[in-house]
Amino acid sequence: MTHTVTNWAGNVAFRAERVERPSSLEELRGLVARSQKIRVLGSGHSFNDIADSSGSLVALDGLPPEVEIDSASATVKVAASVRYAELGRRLHEKGWAVPNLASLPHISVAGSCMTGTHGSGNANGGLATAVAAIEMVTADGDLVTLSRDEDGDRFHGAVVALGALGAVVTMTLDIAPAFEVRQYVYEGLAGEELDDHFEDIVSSAYSVSLFTDWRSSRINQVWVKERLGGEAGTPAPSLFGATPADGPRHPVPGVAADACTTQMGVPGPWFERLPHFRPDFTPSSGEELQAEYLLPRRHAVAALRALDDIRDRIAPVLQISEIRTVAADDLWLSPSYGRDTVAFHFTWVKDTEAVLPVLTMIEERLAPFDARPHWGKLFTVTPEVLRSRYDRMDDFRELARQLDPAGTFANEFVSRYVLDI
């Protein structure tokens, strides 16, 4: 009997009958060359069928977990399956850091970058903006390297590529000297303060996240992550009327903060503070669904008010919503391509039938702002509309024809939303 393989949340059962786990690069190259249809399976932290395959799934966690630091070029070469928690620890031991991290350190480097995943901060690009080179096995089994320095605009199309161009085996990331971060949580930010001071609030620290349950116009919590060194600090007495929490907080109301990274202004290494959650805990244990929409930051307040009009439909099926900002980038299929971005993230109860109609309502409210859904999360936007929101979509299709002419890596998701085949 075939063992059913699912995504992290368990809401998608993959159709592939086999999950291959090659133990060497040569084994992977042979496997890809023999396959008519194949997809790479990362850490599985997706909520739609982006990783599914009608042929084989290949997991790369059997390959050596390479982390090679090049201090001279300030880069690190990372095996695709390495997760950010492990990368962060190993970089910090050598005095290095990557500029930004997502809220979960449990996700793999390649999968995160390939889907346009991001952290938070007005000046911080998505995780893929740190990528300086990628090494991948293409459909004929060849090992191909594309780099920012050597391949220019073509490289910009290959970084956030949804796994559609080849099996990425390593990524080379820019690194910087390690740094310290402390974080505070403020509670009870009035909606009118956000209307009047949105830019001031989200630019008040290295990384800022706003959490709301949409039960009122009030923001429940503001997580402020300051880049610094030194001793524990004292939070400002208020942040535009929001007051400091008197103890550690979890973003979801009523949930214990054990899984969260250290708060209360205690300084610590970047990799232990920039994520919201600790690597030794798995938040929600998959008992959730997620959606996220990214739109130009200049529309943030208008989008907030548009969603506030339907909060009575959002709140009953919501666990928590996070609002954060991301810097513009030049990666063709990045949701932040060409524009400074605000992201509206939703963690839902695990009830697809109840959640999907609410997603449609949200998408209708955000349509005037040219919102792009996160590639790895739930959405109901039509393929035609989604494709229209990416200026370089035609260029990406041409790049896919060059690198994968037979569509070996193109599954139904990629064919539907990107390649239009």
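Here are the numbers:
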| quantity | calculated |
| --- | --- |
| 3J(HN,Hα) from dihedral phi, the range 6-20, Karplus parametrisation 6.51/-1.76/1.60, rounded to Hz, x for glycine, proline | 10, 6, 4, 7, x, 8, 10, 9, 5, 7, 4, 7, 10, 10, 8 |
| Under 24 Å from residue 225, Cα to Cα: lysines that are on another chain or at least 8 residues apart | 94 |
| Positive-end residue of 54, 112, 22, charge dipole of the range 1-112 with Cβ unit charges | 54 |
| Dipole magnitude of the range 1-59, debye to nearest 20 (Cβ charges: Lys/Arg +1, Asp/Glu -1, about Cα centre) | 100 debye |
| Max mean-square fluctuation residue, GNM over the chain, Cα-Cα springs under 10 Å, options 123, 167, 51 | 123 |
| Those aspartates and glutamates that a straight Cα-Cα span of less than 16 Å connects to residue 377, excepting residues fewer than 8 apart in one chain | 49, 52, 287, 288, 292, 322, 351, 353, 363, 412 |
| Only Lys, Arg (+1) and Asp, Glu (-1) charged, at Cβ; the chain dipole about Cα centre in debye | 380 debye |
| Cα gyration tensor, the range 52-156 - rounded (a/c under 1.5), prolate or oblate | rounded |
| Fewest-first sequence of 364, 384 by Cβ atoms within 10 Å of each Cβ | 384, 364 |
| Fewest-first sequence of 203, 108 by Cβ atoms within 10 Å of each Cβ | 203, 108 |
| Cα-based radius of gyration of the chain once divided by 2.2 N^0.38 Å, which approximates compact folds | 0.95 |
| Dipole moment magnitude, nearest 20 debye, the range 180-278 about Cα centre, only Lys, Arg, Asp, Glu C-beta charged | 380 debye |
| Residues whose placed amide H lies under 5 Å from that of residue 180, excluding near-sequence neighbours | 228 |
| Most fluctuating residue given options 242, 128, 256, as computed from a GNM of the chain linking Cα atoms under 10 Å | 256 |
| Extreme residue, positive dipole direction of the range 292-404, given options 336, 303, 374 (C-beta unit charges) | 303 |
| Antiparallel bridges, percent of DSSP beta bridges restricted to the chain (to nearest 5) | 90 percent |
| Listed residues 143, 98, 168: farthest to the positive end of the dipole of the range 67-177 (Cβ charges) | 98 |
| Residue order, fewest to most surrounding Cβ atoms within 10 angstrom, among 170, 382, 352, 341 | 382, 352, 170, 341 |
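We did not get these values from a lab; they are worked out from the coordinates using the rules stated. These numbers were taken from a predicted model, which means no experiment stands behind them. In this analysis, Cβ positions are derived from the backbone assuming ideal geometry, glycine residues included, and neighbour counts consider all displayed protein chains.
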